[in-house]
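Worksheet for the structure shown next.
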Amino acid sequence: MTENMDVFVEHGLIKKGTMQARRYQIEISRTCLNKNTLCVLPTGLGKTNIAVLVVVHRLDVFRDSRAIVLAPTRPLVEQHYKSFMRYLDLEDVELSMVTGTLKPAERERVYRDSIVRVIFATPQTIKNDLKRGIIRLDNFSILVIDETHHSVGMYAYPYVVKKYREQAENQRIVGLTASPGSDLSKIKEVMKNTGLDTIEIRSEEEEDVSPYVMKSETEWIHVELPERFRKIAALI
């Protein structure tokens, strides 16, 4: 079956002609709307698009609610911010980035600004601000967790999720990752720590995914190791 790549998503909060209507993304997003879901997709196949689809639906259903998108590093936070800006039919002032580079008082102003509908942040920043009491998550109808596989040990994600589940009135959690881990117990731990109930997995070989996989060629180049490297290798 060949997908029509000229079909675009139509939604009141998505700019016309900006997002391809990929069947697998739409199917996964439907699961996410009904259950807290871990989405496992290879890099480059549009995990962020799935997050966008879920976010616009939640903001549409819960008209006065907000969304929060978390990513482990500032560059990833900025990447998500730019992606959402490209797709969402919202004013620039309705989306805001919050990281540790902003002073707590400035972050609090963002949290209190009713115009801001989508916040992009690092989990450590939100964890710290929850402890400071300058943010509450009551009115966030969707929490997106990028690189969900980090949700182990003392990392900030489990703490933020715990507070979200305690405070949010209309809850939905979406986890995104390309590498959930090869160990089943690790995957179960990640899902437990992030309040996720089910998992959606797609590989590059699947029928509805393969048309969007970028073709690549591998060329092996053999080089002679320096003497120092060969000595190290011999010792190993």
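The values are calculated or read from the model by the stated rules, or taken from the named source; none is laboratory data. Note that this is a predicted model, so its numbers are computed, not measured. Note that each Cβ is placed from the backbone with ideal geometry, even for glycine, and that neighbours are counted across all protein chains shown. SASA here: full protein model, heavy atoms, side chains in, ligands and nucleic acids out. Shrake-Rupley method; radii C 1.70, N 1.55, O 1.52, S 1.80 Å.
Listed by number, the DSSP H helices of the chain that run 18 Å or longer by alpha-carbon position along their axis and have mean Kyte hydropathy of at least -1.0 are 47-61. In the chain, the DSSP beta bridges split such that about 10 percent are antiparallel, to the nearest 5.
Write out the GluC sites (Glu not before Pro) in the range 80-172 meeting two conditions: DSSP loop, and at most 14 other Cβ atoms within 10 Å of their Cβ.
E91, E169
Ranked by the mean number of other Cβ atoms within 10 Å of their residues, highest first, the peptides 24-35, 129-140 come out as 24-35, 129-140. Near the amide H of I14, within less than 5 Å, lie the amide hydrogens of D89, all on another chain or at least 5 residues away, with H placed in the peptide plane. Taken per residue, the accessible surface of the chain reaches 56 Å², heavy atoms only and a 1.4 Å probe. Taking θ as phi - 60° and the Karplus parameters 6.51, -1.76 and 1.60, the scalar couplings of the range 139-152 work out to 9, 9, 8, 8, 10, 9, 10, 7, 6, 4, 4, 6, 7, 9 Hz in sequence order, x denoting glycine and proline. Using only side-chain charges placed at the Cβ, +1 for Lys and Arg and -1 for Asp and Glu, the dipole size of the chain relative to its Cα centre rounds to 1040 debye.
Over all pairs of different C-alpha atoms in the chain, the reciprocal of the mean inverse distance, the Kirkwood hydrodynamic radius, equals 19.2 Å.
Taking amide hydrogens as placed 1.01 Å from N in the peptide plane, the amide H of M97 sits under 5 Å from those of F120, each at least 5 positions away in sequence or on another chain. Atom-type composition of the exposed protein surface of the chain places 51 percent of the accessible area on carbon and sulfur (1.4 angstrom probe).
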